[in-house]
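Bear in mind that the values in this text are calculations on the coordinates, not laboratory data. Keep in mind that what you see is a predicted model, and the values were worked out from it rather than measured. Neighbour counts run over all protein chains shown; Cβ positions are idealised from the backbone, glycine included.
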Amino acid sequence: MSKKALVTGITGQDGAYLAQLLLSKGYEVHGLARRSSTSDVNLTRLNWLGIEKDVRIVDGNLLDLSGLIRTMRDVKPDEVYNLAAQSFVKSSWQQPILTGEVTALGVTNILEAVRLEKPDARFYQASSSEMYGLIQEDMQSETTPFYPRSPYAVAKLYGHWLTVNYRESFGLHASSGILFNHESPLRGIEFVTRKVTDSVARIKLGIANELRLGNIDAKRDWGHSKDYVEAMWLMLQQDEADDYVVATGLTTTVRDMCRIAFEHVGLAMDDHLVIDPDLFRPAEVDVLLGNPTKAKEKLGWQAKTSLEEMITEMVDADLKRLG
């Protein structure tokens, strides 16, 4: 009998790559997705990977506990991966209540559904390096104090600690991955790396002439989503549930990331980059740098894809889309 996995947020970047990984390991993959009266589920990312027909889409919403309980009862998953969230930091200031309901309380609903209907299922919660915010240590590990600097980060922190609480209170095999920034050709256009690679492709093709950004001196620890979903899976294969930082251990400025993208297509960054004060965050997170030692030692995991490889892959994918 093949294992069954339920993945919330399966239509997103991580959900698509995780589904691909699980299918390659022989899992039966069910994906929770929201439908509306005006549009069907967006399977663009699953389609890009060529797996849209191999995933079983289940109607559902993190805000609907009764629906989640029914889904848990029907699917009977061996593993549950909660990747769904309002995940754009900028939007969390504009929609703080929605962000709290989905990204924080939504975790309560999915954990309750697991506890009530499938307590032997192994559970993964997608935590975020944004929880560190105003960093308390130069390199952030599982023991670094959190200091969230956005409604999104605060909501993620709630979900993170609730996962710990359900593990300790009810004995669930519930783990959190504190993932640092991870990107890919499947990244949403609103995120800075994809905004950069899409703009660079447009400039190269003569469709646009400038790239507008805010704080380009912010530093991030960037890895590839395809590498990071492997860490998620490894966490649920351990005998004991735990929390892990997933990162490269390297940090790079937005400025240098832009330079890589422009140089890949033979353009000078300074000819096209415009700094827009309106794009600065209300409360900036200046540096994030993860310490992945625990993941390497306990999971045998480490990042495989360099920033240069990832950004050039993203630029090439955007050139293909636009061309």
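A few points about this structure:
- Cα extents of region 17-138 along the three principal axes, largest first (Å): 42, 37, 35
- Cleavage-rule hits (chymotrypsin sites (Phe, Trp or Tyr not before Pro)) in region 73-114: DSSP loop, at most 16 neighbouring Cβ within 10 angstrom: Phe88
- In region 182-323, the convex hull through the Cα atoms has an average projected area of 9.1 nm², a quarter of its surface area.
- For region 70-113, the alpha carbon convex hull comes to 67 Å³ per residue, rounded to a whole number.
- Among 196-204, 215-223, the peptide with the highest mean count of other Cβ atoms within 10 Å heads the list, and the full ranking is 196-204, 215-223.
- Exposure proxy ranking for Ile10, Ile51, based on other Cβ atoms within 10 angstrom of each Cβ and starting from the fewest, stands as Ile51, Ile10.
- Considering only Tyr228, Gly214, Phe191, the residue lying farthest towards the positive end of the dipole of region 185-259 is Gly214, judged by Cα position with unit charges set on Cβ.
- Hull volume in cubic angstrom per residue (convex hull over the Cα atoms of region 126-235): 123 Å³
- Cα-only Debye scattering, the chain: base-10 log of I(q)/I(0) at q = 0.14 Å⁻¹: -1.12
- Choice from Ile189, Ile178, Ile135 showing the highest fluctuation, given a GNM over the chain with Cα pairs closer than 10 Å: Ile189
- From the alpha carbon centroid of region 219-247 to that of region 264-323 is 18 Å.
- Each of Ile207, Ile311 was scored by other Cβ atoms within 10 Å of its Cβ. Arranged with the fewest first, they read Ile207, Ile311.
- Built amide H within the under 5 Å cut-off of Lys4, gap 5+: Glu28, Asp78, Glu79
- Shown is the FRET efficiency for Gln238 and Leu205, computed with R0 = 56 Å from the Cβ-Cβ distance and rounded to the nearest 0.05: 0.75.
- Taking the alpha carbon gyration tensor of region 240-323, multiplying each eigenvalue by 5 and rooting it gives semi-axes of 30, 19, 11 Å, largest first.
- For the pair Gln94 and Ser169 in one chain, pulling the backbone fully straight at 0.36 nm per residue adds 23.6 nm over the alpha carbon distance.
- Taking 21 Å as the straight-line reach from the Cα of Lys53, the lysines in range (excluding those fewer than 8 positions away in the same chain) are Lys3, Lys4, Lys25, Lys76, Lys226.
- Exposure proxy ranking, count of Cβ atoms within 10 Å, fewest first, for Lys320, Lys156, Lys294: Lys320, Lys294, Lys156
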